[in-house]
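The values are calculated or read from the model by the stated rules, or taken from the named source; none is laboratory data. Values in this document were obtained by computation on a predicted structure and should not be read as measured data. Every residue, glycine as well, gets a Cβ built from its backbone with ideal geometry; the counts of neighbours run over all protein chains shown. Note: areas computed on protein heavy atoms with side chains; ligands, DNA, RNA excluded. Shrake-Rupley method; radii C 1.70, N 1.55, O 1.52, S 1.80 Å.
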Amino acid sequence: MADDLRLVDVRTEQLEDVERVRSRSFGLLEPARREAWIADAQTFIDDGRMLGVVDGDELIASARYWPFQQWWGGRKVPMAGVAGVVVAPEYRGRGVGSKLMRGVLARAVEQGYPLSGLYPATTVIYRHLGYEFGGGRFRCTFPAADLRSLGGKDVTVRRAGSADAKRFLELADQLHSSARISGPLVWPEAKVAEWLGEDNSFCYLADDGFVVYGWEGDMLRVEELVAGSEATARALWSVVGSGSSISTDVDAYLSPDDPAHLLVDQEADKQRVVQQWMLRLLDAPAAIAARGFGPGVSLEVDLELDDSELAANTGRWHLSVSGGSGALTPSTSSGDALRLGSRGLTALYSGTPLASVRKAGLASGGAAADDGAIDTAFAGATSYMLDYF
Ligand SMILES: CC(C)(COP(=O)(O)OP(=O)(O)OC[C@H]1O[C@@H](n2cnc3c(N)ncnc32)[C@H](O)[C@@H]1OP(=O)(O)O)[C@@H](O)C(=O)NCCC(=O)NCCS
């Protein structure tokens with residue numbers, strides 16, 4: 001790679017260059033979305049979350065990350081959600097993307113994010129840098145008539161909008177923590193308000209739940225539905241199903257463990273569409289300390305971590321889990337410890353059974369007799385996301 005390629009913070013006046021590279025990577029930005037794209041880009045720039053690579057004066061690659069929190073075991077963990085990773089076609093395949101992503105990792109560590117996540121268009125570059133699959137974005141389809149007849153008529157449901165953003169976040173907080181959910185993102189309140197205020201966001205609120213849905217072509221699609229009780233789930237789904245005269249089926253982004261799968265008589269399409277996303281632990285002790293673990297699990301085990309990109313994670317650690325919390329502390333003991341690289345650690349963190357991690361060559365050593373307890377500590381509901389970023 002040429003020496004004059006430099007990693008930089010993107011500046012506002014370079015956004016035209018970013019857009020040019022982006023168009024050649026993802027297609028042209030729709031004119032209606034351009035203003036919002038620029039407004040978002042400016043917030044990334046202001047917070048030091050947008051990096052680029054320049055060749056002399058010309059910007060030839062860029063990437064940015066969202067300041068998310070992500071639910072892990074019912075607790076919110078700060079997560080740098082990387083998006084818009086683009087390299088100009090004439091510079092691809094020469095290590096520019098890797099240089100850019102190393103800059104992104106270093107910046108996210110500097111800003112204190114224990115985790116980073118992304119939707120990969122290609123997994124190779126991200127695996128080289130220590131990312132691994134962390135979960136999926138699942139979409140399923142219900143017959144609208146079956147939703148319409150779910151009942152819940154006694155539950156009071158009212159139309160909601162951007163002024164209810166805080167309440168939506170509170171409800172998601174309560175319900176995700178009590179169900180020890182893993183995967184969904186927490187967006188900044190201003191972005192939630194923006195989403196709820198969109199023309200195509202139909203939002204309804206009950207005492208213990210909400211739904212946001214809209215049109216996708218001539219079909220209704222649920223973007224998020226959370227309910228604290230069976231009656232509320234029935235009421236909110238039947239609001240959506242009331243559109244059955246126009247939308248025969250309803251698409252929904254949902255956890256594979258969502259009660260709707262048990263509540264609705266049938267699913268119109270047996271195929272669940274999945275988009276996989278990747279995760280990386282940036283700061284292993286902080287990521288372990290921030291997430292929730294199985295409440296009844298107690299575990300004491302040594303790990304030998306080898307992180308070729310982020311050296312602070314490398315070394316011998318003691319993992320201790322009890323009372324629903326975990327801690328990773330430096331260990332001086334000797335003996336055979338469970339050996340993991342960044343990908344193996346990430347797979348474990350996101351609930352992949354250790355037997356699978358071992359069989360993929362991403363874990364070795366340790367006492368096989370501990371595997372069951374380690375699995376139980378990290379296990380929980382399937383990790384999922386609702387939104388693409
Ligand atoms: C994907 C992209 C960012 C990679 O940038 P790049 O500068 O070409 O990446 P690098 O040269 O640093 O490659 C790093 C590794 O990823 C591999 N790689 C890069 N692009 C790949 C692709 N499309 N398919 C498979 N492997 C790929 C490289 O072969 C290399 O692996 P190796 O060292 O084992 O050979 C760039 O090709 C691009 O902008 N693509 C279009 C937009 C896009 O898909 N962005 C990603 C969104 S998540």
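Within region 114-140, the only residue that satisfies the criterion of being open to solvent by less than 10 Å² (accessible area, probe 1.4 Å), outside any strand (DSSP E or B) and among the small types (Gly, Ala, Ser) is Gly130.
Could you tell me whether any residue of region 92-108 is in contact with a helix residue (DSSP H, G or I) (Cβ under 9 Å, 6 or more places away or on another chain) and open to solvent by 40 Å² or more (accessible area, probe 1.4 Å)? No, region 92-108 contains no residue that is in contact with a helix residue (DSSP H, G or I) (Cβ under 9 Å, 6 or more places away or on another chain) and open to solvent by 40 Å² or more (accessible area, probe 1.4 Å). Within region 366-389, residues that are free of Cβ contacts under 8 Å to residues at least 60 places away in the same chain reach partners that are open to solvent by less than 30 Å² (accessible area, probe 1.4 Å) with beta carbons closer than 7 Å, at six or more positions or on different chains, in the pairs Asp371/Leu354; Asp375/Leu354.
Here's the yes/no breakdown for (1) within 16 Å of the ligand (Cβ to nearest atom); (2) under 25 Å from Glu110 (Cα atoms); (3) without any contact (Cβ under 8 Å) to a residue 40 or more places away in the chain:
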position: Glu19; (1), (2), (3): yes, no, yes
position: Arg24; (1), (2), (3): yes, no, no
position: Leu28; (1), (2), (3): yes, no, yes
position: Gln42; (1), (2), (3): no, yes, yes
position: Gly56; (1), (2), (3): no, no, no
position: Ala63; (1), (2), (3): yes, yes, no
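With respect to Val87, is the statement that it is of a type in the set (Val, Ile, Thr), under 17 Å from Leu15 (Cβ atoms) and open to solvent by 10 Å² or more (accessible area, probe 1.4 Å) true? Walk me through it before giving the result.
Values: of a type in the set (Val, Ile, Thr): yes; under 17 Å from Leu15 (Cβ atoms): yes; open to solvent by 10 Å² or more (accessible area, probe 1.4 Å): yes.
For Val87, the condition - of a type in the set (Val, Ile, Thr), under 17 Å from Leu15 (Cβ atoms) and open to solvent by 10 Å² or more (accessible area, probe 1.4 Å) - is met.
Here are some residues: Ala88, Ala80. Which one is more than 15 Å from the chain's Cα centre (by Cα) and of a type in the set (Gly, Ala, Ser)?
When all the criteria are applied, what remains is Ala88.
Tallying residues that are open to solvent by less than 50 Å² (accessible area, probe 1.4 Å), in a helix (DSSP H, G or I) and under 22 Å from Gly103 (Cβ atoms) within region 11-51 yields 13. None of Gln111, Gln69 is under 20 Å from Lys191 (Cα atoms), open to solvent by 40 Å² or more (accessible area, probe 1.4 Å), more than 6 Å from the ligand (Cβ to nearest atom) and touching a strand residue (DSSP E or B) at 6+ places or on another chain (Cβ under 9 Å) except Gln69. Among residues of region 89-105 that are small (Gly, Ala, Ser) and in a loop (DSSP other than H, G, I, E, B), those with a Cβ under 9 angstrom from a residue that is within 6 Å of the ligand (Cβ to nearest atom) and open to solvent by less than 60 Å² (accessible area, probe 1.4 Å), sequence gap 6+ or separate chain, pair up as Gly93/Val87.
Restricted to region 192-214, and to residues that are of a type outside the set (Phe, Trp, Tyr) and open to solvent by 40 Å² or more (accessible area, probe 1.4 Å), which residue is farthest from the chain's Cα centre (by Cα)? Looking at residues that are of a type outside the set (Phe, Trp, Tyr) and open to solvent by 40 Å² or more (accessible area, probe 1.4 Å), I get Asp207. Can you say whether Ala165 is open to solvent by 30 Å² or more (accessible area, probe 1.4 Å), aliphatic (A, V, I, L, M) and out of contact with any strand residue (DSSP E or B) (no Cβ under 6 Å at 6 or more places or on another chain), as far as the supplied structure shows? When the stated conditions are applied, Ala165 does not pass them.
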